[in-house]
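K.L.:
Got a structure here, written out as structure tokens. Questions coming.
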Amino acid sequence: MSNAAIELLGVLLIVLGILYASLNSLLGWRKQLDRIIIYNQLRISIARTLLLGLEILVAADIIRTIALQPNLQNLASLGLLVLIRTVLSWALIVEVEERWPWQKRN
């Protein structure tokens, strides 16, 4: 599987996951379920989709940097991308689980 295919997989996963979560929420609203519960489910579903998509995109970046173009500038770019995506992942985990990633579950 090429690097571009892995990146495309990550992007498709994010787009399809958000569409699925949105459609699920619209169906819940049509059934007149509790809107607060629907909103929280939508928020959690989108955050989980983004987390999985970010992990796949990080894997694609690692493959591109290490396997395809190993040089110091690409390694520095990879480090910055991984740092940014790690912070985003932590923010999403805090949003979904309402705790820091290193804290024990209640």
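K.L.:
The conditions are (1) free of Cβ contacts under 8 Å to residues at least 24 places away in the same chain; (2) part of a helix (DSSP H, G or I), and Ile56 fails exactly one of them. Which is it?
P.N.:
(1)
K.L.:
Restricting attention to the range 54-75, does a residue exist that is small (Gly, Ala, Ser), surrounded by 13 or more Cβ atoms within 10 Å (Cβ to Cβ) and at pLDDT below 85? Steps first, answer last, please.
P.N.:
Residues of the range 54-75 small (Gly, Ala, Ser): 59-60, 67.
Imposing the further condition that a residue be surrounded by 13 or more Cβ atoms within 10 Å (Cβ to Cβ) reduces the set to 59-60.
Applying the additional criterion that residues be at pLDDT below 85 yields none.
No.
K.L.:
Being in a helix (DSSP H, G or I), aliphatic (A, V, I, L, M), at negative phi and surrounded by 14 or more Cβ atoms within 10 Å (Cβ to Cβ) narrows it down to one residue among Leu50, Leu23, Leu83; which is it?
P.N.:
Leu50
K.L.:
Going through Arg48, Arg30, Arg43 one at a time, which residue ends up being at pLDDT below 85 and basic (Lys, Arg)?
P.N.:
Going through Arg48, Arg30, Arg43 in turn, the sole match is Arg30.
The values are calculated or read from the model by the stated rules, or taken from the named source; none is laboratory data. Treat the numbers as computed from the prediction; the structure is a model and nothing was measured. When we count neighbours, we look across all protein chains shown, and the Cβ atoms used for this are built from the backbone with ideal geometry, even at glycine.
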